[in-house]
Amino acid sequence: MKVIYTDVLVIGAGLAGLRMAVGAKARGHDSIILSLVPPKRSHSKAAQGGMQASLANVIKGVGDNEDVHFGDTVRGSDWGCDQEVARMFVNTAPKAVRELAAWGVPWSRITPGDRQVIINGEKVTITEREAAAGLIGQRDFGGTKKWRTCFVSDGTGHAMLNSAAERAIAHDIPVHERVEAIALIHDGQRCYGAVVRDLITGELIGYVARATAIATGGAGKLFRVSTNAQICEGTGHAIALETGVAKLGNMEAVQFHPTGIFPAGILVTEGCRGDGGLLRDVDGHRFMPDVEPEKKELASRDVVSRRMEERIAQGKGVKSRFGEHLWLDITLLGENHIKHNLREVYE
């Protein structure tokens with residue numbers, strides 16, 4: 001068996017894996033990234049809506065800070081998250097967004113002056129400050145008190161992944177693509193790398209490393225309908241669990257995206273609801289204000305998902321040969337907004 005040695009072995013070439021390898025290389029450690037697919041085809045590319053960071057740039061985000069973001073995150077998890085991790089996340093997010101800007105991510109920016117937005121189904125005029133001209137823009141998302149979602153039109157993941165992949169190339173980090181890690185090498189206490197299968201030749205290769213990181217993404221393909229790519233089937237979870245040493249935590253905390261196209265599972269960004277889209281039942285009735293009078297369509301994802309399922313269970317779903325579904329109405333946003341801010345949804 002061929003054996004390859006490195007300081008850091010990163011399994012997965014999405015945003016997490018690329019960023020981890022770049023960070024390790026910047027600190028003087030040789031890194032190798034393994035990937036089922038070419039990095040720019042990783043599932044991170046599918047993200048449309050944006051990335052939250054408490055920059056407080058837009059007028060609707062004024063007063064936002066890491067503590068407010070932390071509170072929203074903990075409440076959104078029903079107090080089930082690891083609060084140390086949440087605190088680390090909210091404190092690091094503003095730095096990460098600015099770092100990505102320096103790497104070339106073309107974040108949508110603020111144009112000062114009046115602009116029309118849809119809030120609670122009605123057109124509202126808000127005025128952006130002159131002082132904020134050119135700063136990173138932010139949109140509204142579910143479960144937040146302030147507008148803090150930084151975005152690149154509706155292709156945020158696409159822009160972020162391209163920039164991170166180019167950064168890895170700039171750092172001369174090798175990506176071994178079309179390979180699959182099938183087992184971890186360990187002695188019952190410490191991990192020393194992975195046994196990897198070449199998906200083209202079938203050859204088994206041993207990768208030996210001082211540190212091994214698993215960044216293989218989610219496991220959405222375990223479910224009947226998912227916005228996840230075909231490769232998101234939990235193989236990273238599996239090889240860790242099969243060691244008999246590693247533990248999987250918070251496995252009940254599967255995040256369901258409320259608005260996938262049924263039954264294909266193609267993602268319709270949360271930006272549709274963040275920008276003012278409305279959920280309607282078979283009668284065309286907007287039902288979210290009835291059950292979530294405060295946040296309505298912009299309640300957290302788990303709440304919106306549950307309320308939608310409840311509506312279908314009440315016999316108010318739209319029947320089709322594939323099963324029942326609901327409508328997401330974005331017509332009130334207008335043609336110009338849809339074609340410019342929600343291009344992928346429009347297409």
* Asked: Filtering the stretch 181-211 down to residues that are among the β-branched types (Val, Ile, Thr) and touching a His at 6+ places or on another chain (Cβ under 9 Å), which residue is farthest from Ala253 (Cα to Cα)?
  -> Ile205
* To do: Would you be able to say whether some residue in the stretch 162-173 is modelled with pLDDT of 95 or more, of a type outside the set (S, T, N, Q) and touching a Pro at 6+ places or on another chain (Cβ under 6 Å)?
  => yes
* Selection within the stretch 124-149 - without any contact (Cβ under 8 Å) to a residue 40 or more places away in the chain and closer than 29 Å to Ser305 by Cβ -> Val124
* To do: Being in a loop (DSSP other than H, G, I, E, B) and among the aliphatic types (A, V, I, L, M) is the filter; apply it to the stretch 39-86 and report the residue that is surrounded by the most Cβ atoms within 10 Å (Cβ to Cβ).
  => Ala53
* Asked: Do you know which residues across the stretch 232-267 are touching a His at 6+ places or on another chain (Cβ under 8 Å) and buried (at least 18 other Cβ atoms within 10 Å of the Cβ)?
  -> Cys232, Leu267
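So if I check each of Thr144, Thr125, Thr227, which one is in contact with an Asp or Glu (Cβ under 8 Å, 6 or more places away or on another chain), among the polar types (S, T, N, Q), closer than 25 Å to Ala93 by Cα and outside the structural domain of Gly276 (by TED's automatic domain parsing)?
It is Thr144.
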* Which residues, counting only those in the stretch 13-38, are assigned to a helix (DSSP H, G or I), under 29 Å from Thr259 (Cβ atoms) and of a type outside the set (A, V, I, L, M, F, W, C)? -> Gly17, Arg19
* To do: May I ask you to list pairs of residues, at least six apart or on different chains, whose Cβ atoms are under 7 Å apart, with the first in the stretch 332-347 being among the hydroxyl-bearing types (Ser, Thr, Tyr) and the second being surrounded by fewer than 17 Cβ atoms within 10 Å (Cβ to Cβ)?
  => Tyr346/Lys339
* Selection from the stretch 288-329 of residues that are surrounded by 15 or more Cβ atoms within 10 Å (Cβ to Cβ), in a loop (DSSP other than H, G, I, E, B) and free of Cβ contacts under 8 Å to residues at least 40 places away in the same chain -> Glu292, Gly317
* Please work out which residue is nearest to Ala264 (Cα to Cα), limiting yourself to the stretch 211-224 and to residues that are buried (at least 16 other Cβ atoms within 10 Å of the Cβ) and not small (Gly, Ala, Ser). => Thr216
* Hey, any hits in the stretch 91-107 for a residue that's hydroxyl-bearing (Ser, Thr, Tyr) and either under 18 Å from the mean Cα position of the chain (by Cα) or crowded, with 21+ Cβ neighbours inside 10 Å (or both)? -> yes
* For the subset of the stretch 101-134 comprising residues that are in a helix (DSSP H, G or I) and out of contact with any Ser or Thr (no Cβ under 6 Å at 6 or more places or on another chain), which member is farthest from Ile169 (Cα to Cα)? -> Glu130
* Looking only at the stretch 315-324, decide whether some residue is among the acidic types (Asp, Glu), modelled with pLDDT under 95 and under 26 Å from Met51 (Cα atoms). => no
* Residue check for Lys146: farther than 22 Å from Met251 by Cα, surrounded by fewer than 18 Cβ atoms within 10 Å (Cβ to Cβ) and not small (Gly, Ala, Ser) -> no
* Structure fact -> Those residues of the stretch 125-153 which are of a type in the set (Asp, Glu) and within 16 Å of the chain's Cα centre (by Cα) amount to Asp140
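The values are calculated or read from the model by the stated rules, or taken from the named source; none is laboratory data. For clarity, every value in this text was computed on a predicted model and none was experimentally measured. Positions of Cβ are generated from backbone atoms using ideal geometry, with glycine treated the same way; all protein chains shown enter the neighbour counts.
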